[in-house]
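The values are calculated or read from the model by the stated rules, or taken from the named source; none is laboratory data. Quick caveat: nothing in here was measured; it's all calculated off a predicted structure. Heads up, the Cβs are rebuilt from the backbone with ideal geometry, glycines too, and the neighbour counts pull from every protein chain shown.
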Amino acid sequence: MLETNLDRIRELAEQKKDENRAFRLHIKDCDIEEEEIDAIVHRLDAYVSSKIDCRQCANCCRELQATLGREDVVRLAQAEGITPEQFERRYLDKSDEPDRFLIRQKPCPFLEGKLCRHYHVRPESCAEFPFLHKPDFTTRSMMALWNLPYCPIVYNVYELLKQEIAELEMLRRDAKEEDLE
Ligand code: SF4
Ligand code: SF4
């Protein structure tokens, strides 16, 4: 059963903070190959994403600040009918990364109800969020921990991942013990 209640997710994320941090360190250092962990995360992401309707959530657009590159700025400025310079002044702060920007306001000013006014030209980081389809999950797992209290997809994938890794490790331990007998 997936958890989709946003208040409950935030509460559980707080309760499980230490457990989740410890699990993050564990998968960086365990015997399971990075590619194998990626394959599990990608499968779980596909499963959980198919069960959660982002159009009924939009919590990332309310709670997080999207990052934009120059190309995003040009595209969105055009969609707003203003120049990139006007767009930057009106909506953006500079990010710590060079040539990257953050949407200044929370919730995002382009959120209308639970839908993005510029969905078809939305920033690449919005289209890719929550990034679980990407490779090298263990290297990028800190980002998953940041997003976990806000995003039901990340929260549920992380919970399922903890279960799967524990089961996999138990199976491998049992197999090793049988080999020794
Ligand atoms: S640009 Fe659209 S998708 Fe991105 S945070 Fe704003 S409303 Fe959400
Ligand atoms: S990506 Fe996560 S936080 Fe954003 S709308 Fe979908 S489920 Fe909600």
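Counting only residues that are within 11 Å of ligand 1 (Cβ to nearest atom) and either within 18 Å of SER95 (Cα to Cα) or within 9 Å of the chain's Cα centre (by Cα) (or both), segment 123-134 holds 6 of them. Tell me whether segment 77-90 contains one or more residues that are of a type in the set (Gly, Ala, Ser), surrounded by 12 or more Cβ atoms within 10 Å (Cβ to Cβ) and not assigned by TED's automatic domain parsing to the domain that holds PRO123. No, the conditions are met nowhere in segment 77-90.
Condition test on ALA39, is it surrounded by fewer than 14 Cβ atoms within 10 Å (Cβ to Cβ) and of a type in the set (A, V, I, L, M, F, W, C)? Break it down into steps so the answer makes sense when it comes.
Numbers: surrounded by fewer than 14 Cβ atoms within 10 Å (Cβ to Cβ): yes; of a type in the set (A, V, I, L, M, F, W, C): yes.
Judged against the criteria, ALA39 is a match.
Out of the residues in segment 116-135 meeting the condition of being hydrophobic (A, V, I, L, M, F, W, C), closer than 21 Å to VAL74 by Cα and within 14 Å of ligand 2 (Cβ to nearest atom), tell me which one is surrounded by the fewest Cβ atoms within 10 Å (Cβ to Cβ). This residue is ALA127.
Is it true that GLU112 is free of Cβ contacts under 8 Å to residues at least 40 places away in the same chain and more than 16 Å from ligand 2 (Cβ to nearest atom)? The answer is no for GLU112. Being within 16 Å of ligand 2 (Cβ to nearest atom), hydrophobic (A, V, I, L, M, F, W, C), under 21 Å from LEU2 (Cα atoms) and modelled with pLDDT of 95 or more is a property that does not hold for ILE103.
Just checking, does segment 154-174 include any residue being touching a residue at least 24 places away in the same chain (Cβ under 8 Å), in contact with a Leu (Cβ under 9 Å, 6 or more places away or on another chain), on the phi < 0 side of the Ramachandran plot and within 16 Å of ligand 1 (Cβ to nearest atom)? Steps first, answer last, please.
Kept after step one, since they are touching a residue at least 24 places away in the same chain (Cβ under 8 Å), are these residues of segment 154-174: 154-162, 164-165, 168-169, 172.
Subsequent filtering for residues that are in contact with a Leu (Cβ under 9 Å, 6 or more places away or on another chain) retains 154-161, 164.
Adding the requirement that they be on the phi < 0 side of the Ramachandran plot leaves 154-161, 164.
Subsequent filtering for residues that are within 16 Å of ligand 1 (Cβ to nearest atom) retains 154.
Yes, segment 154-174 has at least one match.
Of all residues in segment 20-29, those that are surrounded by fewer than 14 Cβ atoms within 10 Å (Cβ to Cβ) and touching a residue at least 24 places away in the same chain (Cβ under 8 Å) total 2. Taking segment 34-69 as the range and being away from ligand 1 (no atom under 16 Å from the Cβ), out of contact with any helix residue (DSSP H, G or I) (no Cβ under 9 Å at 6 or more places or on another chain) and of a type in the set (A, V, I, L, M) as the test, the residues that pass are ALA39, ALA46.
Here are ASP18, ASP96, ASP72, ASP7: which of them is under 20 Å from MET143 (Cβ atoms), in a helix (DSSP H, G or I) and more than 14 Å from ligand 1 (Cβ to nearest atom)? Break it down stepwise before answering.
Values: ASP96 fails: in a helix (DSSP H, G or I); ASP72 fails: more than 14 Å from ligand 1 (Cβ to nearest atom); ASP7 fails: under 20 Å from MET143 (Cβ atoms).
Within the list ASP18, ASP96, ASP72, ASP7, the selection yields ASP18.
Here's the yes/no breakdown for (1) more than 8 Å from ligand 2 (Cβ to nearest atom); (2) out of contact with any strand residue (DSSP E or B) (no Cβ under 9 Å at 6 or more places or on another chain); (3) at pLDDT below 95:
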position	(1), (2), (3)
VAL48	yes, yes, no
CYS54	no, yes, no
ARG62	yes, no, no
VAL73	yes, no, no
GLU80	yes, yes, no
PHE87	yes, yes, no
